[in-house]
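J.: My questions will all concern the structure given below.
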Protein chains: 6
Amino acid sequence: MKRACDTEVRPPGQSIANRYSGKTVVAIGAHPDDLEIGIGGTLAKLRQHGAHVVMCVASIPRDYDVRIEEARRGAEVLGCELKILMDGGPQRIEDVKTCDLVGMLDDMIREYKPAAVLTHSKADFHNDHLLIYQACLPTQRLAYFDFFSYHPTNCRPVPIAFHPTAYVDVSDTIDAKMHAITAHASQFGGRGLDTEMYREFAHVQGRMIGVPYAEGLDVQRMVLA
Amino acid sequence: MKRACDTEVRPPGQSIANRYSGKTVVAIGAHPDDLEIGIGGTLAKLRQHGAHVVMCVASIPRDYDVRIEEARRGAEVLGCELKILMDGGPQRIEDVKTCDLVGMLDDMIREYKPAAVLTHSKADFHNDHLLIYQACLPTQRLAYFDFFSYHPTNCRPVPIAFHPTAYVDVSDTIDAKMHAITAHASQFGGRGLDTEMYREFAHVQGRMIGVPYAEGLDVQRMVLA
Amino acid sequence: MKRACDTEVRPPGQSIANRYSGKTVVAIGAHPDDLEIGIGGTLAKLRQHGAHVVMCVASIPRDYDVRIEEARRGAEVLGCELKILMDGGPQRIEDVKTCDLVGMLDDMIREYKPAAVLTHSKADFHNDHLLIYQACLPTQRLAYFDFFSYHPTNCRPVPIAFHPTAYVDVSDTIDAKMHAITAHASQFGGRGLDTEMYREFAHVQGRMIGVPYAEGLDVQRMVLA
Amino acid sequence: MKRACDTEVRPPGQSIANRYSGKTVVAIGAHPDDLEIGIGGTLAKLRQHGAHVVMCVASIPRDYDVRIEEARRGAEVLGCELKILMDGGPQRIEDVKTCDLVGMLDDMIREYKPAAVLTHSKADFHNDHLLIYQACLPTQRLAYFDFFSYHPTNCRPVPIAFHPTAYVDVSDTIDAKMHAITAHASQFGGRGLDTEMYREFAHVQGRMIGVPYAEGLDVQRMVLA
Amino acid sequence: MKRACDTEVRPPGQSIANRYSGKTVVAIGAHPDDLEIGIGGTLAKLRQHGAHVVMCVASIPRDYDVRIEEARRGAEVLGCELKILMDGGPQRIEDVKTCDLVGMLDDMIREYKPAAVLTHSKADFHNDHLLIYQACLPTQRLAYFDFFSYHPTNCRPVPIAFHPTAYVDVSDTIDAKMHAITAHASQFGGRGLDTEMYREFAHVQGRMIGVPYAEGLDVQRMVLA
Amino acid sequence: MKRACDTEVRPPGQSIANRYSGKTVVAIGAHPDDLEIGIGGTLAKLRQHGAHVVMCVASIPRDYDVRIEEARRGAEVLGCELKILMDGGPQRIEDVKTCDLVGMLDDMIREYKPAAVLTHSKADFHNDHLLIYQACLPTQRLAYFDFFSYHPTNCRPVPIAFHPTAYVDVSDTIDAKMHAITAHASQFGGRGLDTEMYREFAHVQGRMIGVPYAEGLDVQRMVLA
């Protein structure tokens, strides 16, 4: 590999911020904080460039009042609309049949007509995350939106075989992301947990495309032109 | 899946023709006709929308004069620039060391500074196609261009485990594609081989995104914003 | 690949219609219409060549009377025996524990002593299809029948990473298949949905073995001699 | 799994010995002894049931006279025709370009018009075995023969990720297999190497289909009916 | 491969019995007999070398009194502590929500602070085994123990794509393993089922590392130094 | 995942520094600097704990005098023995046949009788790295050493699907690693290339096992006990 390393080619300036400009993007996470951890920088960036971004939190398993307030703060920091799929009180995703969960997601797709959907990855190991991923898969039959998975989200690091195929430059929104994560005080500060690893991780991802900070996505289905 | 099938959501109009507009796209195929078969419709479309498209043919193993003429015709039909990587006469890809092949491709990347590179897939079974794919991989270290693989290309169908993650609507350029394929008379008409299967295949791919014709790509690396 | 393409070798005439002749084949689908879509042509062919073919529909989630009648029509068109696993009224597969579902399938295996079992694929994304696939896996311990998966079945196309390893020539039974699919009027005609894509898809699959129409299977376990 | 284990269902008698009866089967191995180790029992069985079986040995890297004589003995024990692809003296597979190797295999396919081809697996780690596997892949475009891979072949055991999807009952021919392996005295007895592990391995494979001895195959492409 | 086979290098004596000596190892199986079948030899060996080994049986679906007594006998033979996760009477794993199952396993991890956890594999096809595997995955976030999967466990052989990356020499404890398996009389002797295949299988695994008997593990996460 | 995150379990102190103490470990890299980048911290640590560590560099493609001197400095910093496999002057790995390369590696295995071998990964995309990985695979038949792959090594970051299953804590040797990398001045400082990303990457890997710095390995074959 050394042979060609002595001449660097500049990366072309490929802004696709306008890909979703003026359109709706729906991001789906199992619980509050998943979206901030997984794609907080991406969502803030999309918002800044004129997309309508819906942060859909599937359920709040407990501490409903505290956590819905944290979710609102996180969404506010990122400039996004918050939607609680199973709202009205604490609920667990497992308490709903998959066919009913698909039905709720179908309704949301019909309502928002998103240009892109971003959700958990099949590489995740949290059962609720996998249930959401599985339930999002069939919604693809309703429309031809772009469909992406984001990096598995944990409050503590566990090695996982997730390999991004697309990278979003979030250098301008990394601070918003970190700010949105810390909005979930009950999950981090309140338990003495550090959030700095998310910044470090975004920095290493940024190395992959030559920018200070990036988030990785796995492209599941994309309509090009 | 039946439950939600009774209401169809319209696919949002997501034109990204301008993603590569005014930029250079380099498509790399092992031999003449590979690019026409694999992504003829995509290349014509990119061209129509203002990209500078380079069709790079790695080598012409024999019948040099006939096949380079066919390659020129194919590129002309699609409106693209033709570049023969190993030019000057018949050569086989295997006759070049991989490190030298990488060197040639590196030079091309440095010269054209492409916004996207499209090449063969690791799912292909033709040894020359795999050699080109392998040699393209390390060129990614030189710049952060988008990197895609296209469907394995054969003159006769063999089942192959290729799974597209992106689809290009080529409804407007399917005729140009078919025209460009038939420009390779020595490979098809001259041997009594039918090219109709490429149209059929593009039609079935089109079903995946609700358009008359499409070509599938496997996203290897993409820079989003 | 061009080098050898100028001489075609004729495919040898390998009829294995008698592999299952005089034996029982059990095909298992989650809901009415899955078997017709996935392997309608194969089932009709097996029947024509003297196999006893059981179309096992796991459940009818709703519209019981209408859909059981459609299932009967579909089975009749294909000449097969229909069996409703969870009969007596509308039921959802998710409402049964997996161990109980395995128990029902075990009983069926013991009763029919099939020479082959065909069911959904792990590549499918419909949760009920996956539940049936998972529940069929352990039935393999009861006897050494051939075990195949068929292509994911949807009423609308979604890209799926299913790669057949075996192909059945259904040129003689494609019309029966199409006829059987349309028997499910509540799922297709009644919702304005087109079924023509199934014919197109079978035609492209047929290209893989040089026949007008084929269906692809993924060989999971096969006893050769 | 315990629930259903108390009642065993008898495996149905599914003889497919006549699948290839009266037809030609071509088995391809890199060097002498590979075919005996990988599928000696299968080849002997096919022969006993009336198939014309060609054992194609790609090359003899050294000790030509000794090893060709051993190869003849092995083929004789199994009742098969021996063909040396690169004959006339010691040659290494690596000394031939892949495109030329494909050309030789193409010629053989055209000559023998096989109903089935069996060769090494992509899971093998011996470079020559992989070269043969890769070169066999494109021959599939010439005709619609069944195409199988056999278990990686070594003179000493190394863990390998090979997963059979088909099993051949070789209980009647295991002795012929063992006899044919030991015909390669220069590789085993002459080096103090034990061959008993091949019998043990066939016995454990036999457990998978309820017979004393079996060989596993990975189905790559199969035409059913 | 023949070239280098004439000189054998002796395997270096790498005892790591002391890796877990004086530490706690937790082995988790869905039902009684799974641990004996999967890693009985490994557990006995760890015990003999001074590890504290906990055999955690997740549930006893029925015949509680008989099977808990058999589980006690099996654990006694291997010299291990027995723990029934869902104790007090017959229960099915499916009757517990995954989040509650994870909670129980979390509690066990916190209590025992294991240096290693061994559990089922994702390659298993028994639904209860998969549920246990899935529920063990997130426990990795609580501490940095080694995490291994063992071979799928069945009372009758079914081909499964499990490929070990580590092997434990159980030559000294194979008899204890076989003894512990037969302690589950209700599952084997009582149903006329043979256990000899487990010895044969361990012998073939032993071939992979040059010892009489071995058990294979798939390394999921390991902390080296 | 939130439920259990409020109580952290301390990682058990599992030193295996003595696993290879007093034994020989052979690390194989295609070119100078690959071993320092991939596993410099691991090698220094093994050395510090009494292993005999051989850094085997397969070839020096050019600038022989400069680069062999850098390789010597790198090995010296890590305290390891340097061995140039294809020594005496500049050579390219591609210029040697694979069977000859395997022969050289076989000889080295016979000479050093290593307890462990560490080499490139199949996930790497540099052709020379893959050639070395492929050639190391068959050496496993000669002895039962532990066999690991390390992370793909590049001078510029490219996303690669490598997934470690084992982690080595290199907190005490990260400085030695960084020092050894910079010894390759012609590759980094001399070209204005930054090496800081290797420290960042080791830090993120360290997160996975709760230490400041770690290196990831993929376990290919390991003998436990």
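J.: When you scan region B:161-174, how many residues do you find that are open to solvent by 10 Å² or more (accessible area, probe 1.4 Å) and more than 8 Å from every other protein chain (Cβ to nearest Cβ)?
T.: 3
J.: Out of curiosity, is C:Pro114 open to solvent by less than 20 Å² (accessible area, probe 1.4 Å), over 14 Å from the mean Cα position of the chain (by Cα) and of a type outside the set (Lys, Arg)?
T.: Criteria met by C:Pro114.
J.: Hey, among the residues in region F:134-146 that are under 24 Å from D:Leu131 (Cα atoms) and touching a residue at least 60 places away in the same chain (Cβ under 8 Å), which one's surrounded by the fewest Cβ atoms within 10 Å (Cβ to Cβ)? Break it down into steps so the answer makes sense when it comes.
T.: Filtering region F:134-146 for residues under 24 Å from D:Leu131 (Cα atoms) gives F:134-142.
With touching a residue at least 60 places away in the same chain (Cβ under 8 Å) added as a condition, the list becomes F:136, F:140.
On the way: F:Cys136: 25, F:Gln140: 22.
The extreme case among them is F:Gln140.
J.: Considering only region C:175-225, how many residues are out of contact with any strand residue (DSSP E or B) (no Cβ under 7 Å at 6 or more places or on another chain) and either on the phi < 0 side of the Ramachandran plot or within 14 Å of chain D (Cβ to nearest Cβ) (or both)?
T.: 32
Here's the yes/no breakdown for (1) of a type in the set (D, E, K, R); (2) under 30 Å from E:Ala115 (Cβ atoms); (3) in contact (Cβ under 8 Å) with a residue 60 or more places away in the chain; (4) out of contact with any Leu (no Cβ under 8 Å at 6 or more places or on another chain):
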{"site": "F:Ala180", "(1), (2), (3), (4)": "no, no, yes, no"}
{"site": "F:Ala185", "(1), (2), (3), (4)": "no, no, yes, yes"}
{"site": "F:Arg191", "(1), (2), (3), (4)": "yes, no, no, yes"}
{"site": "F:Met197", "(1), (2), (3), (4)": "no, no, no, yes"}
{"site": "F:His203", "(1), (2), (3), (4)": "no, yes, no, yes"}
{"site": "F:Met208", "(1), (2), (3), (4)": "no, yes, no, yes"}
{"site": "F:Pro212", "(1), (2), (3), (4)": "no, yes, no, yes"}
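J.: Across region E:70-91, what is the number of residues that are open to solvent by 10 Å² or more (accessible area, probe 1.4 Å) and closer than 26 Å to E:Ala116 by Cα?
T.: 13
J.: Another question, then. Of (1) crowded, with 20+ Cβ neighbours inside 10 Å; (2) closer than 27 Å to B:Gly22 by Cβ, B:Asp128 satisfies all except one. Which?
T.: (2)
J.: Just checking, does region C:44-55 include any residue being touching an Asp or Glu at 6+ places or on another chain (Cβ under 9 Å) and charged (D, E, K, R)?
T.: Within region C:44-55, the first condition is being touching an Asp or Glu at 6+ places or on another chain (Cβ under 9 Å), and the residues that meet it are C:44-45, C:48, C:52-55.
If we keep only those that are charged (D, E, K, R) too, we end up with C:45.
Checking region C:44-55: at least one residue is touching an Asp or Glu at 6+ places or on another chain (Cβ under 9 Å) and charged (D, E, K, R).
J.: Only one of these conditions is not met by D:Ala58: (1) over 17 Å from D:Ala183 (Cβ atoms); (2) more than 16 Å from the chain's Cα centre (by Cα). Which number is it?
T.: Among (1) over 17 Å from D:Ala183 (Cβ atoms); (2) more than 16 Å from the chain's Cα centre (by Cα), the lone unmet condition for D:Ala58 is (2).
J.: Go through region C:146-161 and report how many residues are hydrophobic (A, V, I, L, M, F, W, C) and at pLDDT 95 or above.
T.: The qualifying residues number 2.
J.: Being in contact with an Asp or Glu (Cβ under 9 Å, 6 or more places away or on another chain) and either within 13 Å of chain A (Cβ to nearest Cβ) or under 14 Å from D:Pro138 (Cα atoms) (or both) is the filter here, so list the residues in region B:113-125 that pass it.
T.: Within region B:113-125, the subset in contact with an Asp or Glu (Cβ under 9 Å, 6 or more places away or on another chain) is B:114-118, B:120-123.
B:Pro114, B:Ala115, B:Ala116, B:Val117, B:Leu118, B:Ala123 - these are the residues of region B:113-125 that are in contact with an Asp or Glu (Cβ under 9 Å, 6 or more places away or on another chain) and either within 13 Å of chain A (Cβ to nearest Cβ) or under 14 Å from D:Pro138 (Cα atoms) (or both).
J.: F:Val204 passes all but one of (1) crowded, with 23+ Cβ neighbours inside 10 Å; (2) in a helix (DSSP H, G or I); which number fails?
T.: (1)
J.: Let me ask something else about it. How do the pairs read when you match residues in region E:96-110 that are more than 14 Å from A:Leu130 (Cβ to Cβ) with residues anywhere that are exposed (fewer than 15 other Cβ atoms within 10 Å of the Cβ) and modelled with pLDDT under 95, using Cβ under 7 Å and keeping only pairs 6 or more apart or on different chains?
T.: E:Gly103/F:Arg3; E:Arg110/F:Thr7
J.: Let me ask something else. Would you pick out the residues in region A:35-61 that are at the interface with another protein chain (Cβ under 9 Å from one of its Cβ atoms) and over 13 Å from A:Gly79 (Cα atoms)?
T.: Selection gives A:Pro61 alone.
J.: Exactly one condition in (1) more than 11 Å from chain E (Cβ to nearest Cβ); (2) touching a Ser or Thr at 6+ places or on another chain (Cβ under 9 Å); (3) within 18 Å of F:Gly40 (Cα to Cα); (4) in contact (Cβ under 8 Å) with a residue 40 or more places away in the chain is not met by F:Asp128; state its number.
T.: So F:Asp128 meets the others, but not (3).
J.: Which residue, of B:Val26, B:Val53, is more than 21 Å from B:Pro164 (Cα to Cα) and surrounded by 24 or more Cβ atoms within 10 Å (Cβ to Cβ)?
T.: Matching residue, one of B:Val26, B:Val53: B:Val53.
J.: I would also like to ask the following. I'd like the full set of residues that are open to solvent by 10 Å² or more (accessible area, probe 1.4 Å) and among the acidic types (Asp, Glu), limited to region D:92-106.
T.: Initially, region D:92-106 is screened for residues open to solvent by 10 Å² or more (accessible area, probe 1.4 Å), giving D:92, D:94-100, D:102, D:104.
Within region D:92-106, D:Glu94, D:Asp95, D:Asp100 meet the criteria.
J.: Check A:Ile109, A:Ile60 and return the single one that is open to solvent by less than 20 Å² (accessible area, probe 1.4 Å), modelled with pLDDT of 95 or more, closer than 22 Å to A:Val219 by Cβ and among the hydrophobic types (A, V, I, L, M, F, W, C).
T.: On the way: A:Ile60 fails: closer than 22 Å to A:Val219 by Cβ.
After ruling out the rest, the residue left standing is A:Ile109.
The values are calculated or read from the model by the stated rules, or taken from the named source; none is laboratory data. Nothing here was measured: the structure is a model prediction, and the numbers come from that model. Using ideal geometry, Cβ is built from the backbone for each residue, glycine included, and neighbour counts are taken over all protein chains shown. With ligands, DNA and RNA removed, areas are computed over all heavy atoms of the protein, side chains included. Shrake-Rupley method; radii C 1.70, N 1.55, O 1.52, S 1.80 Å.
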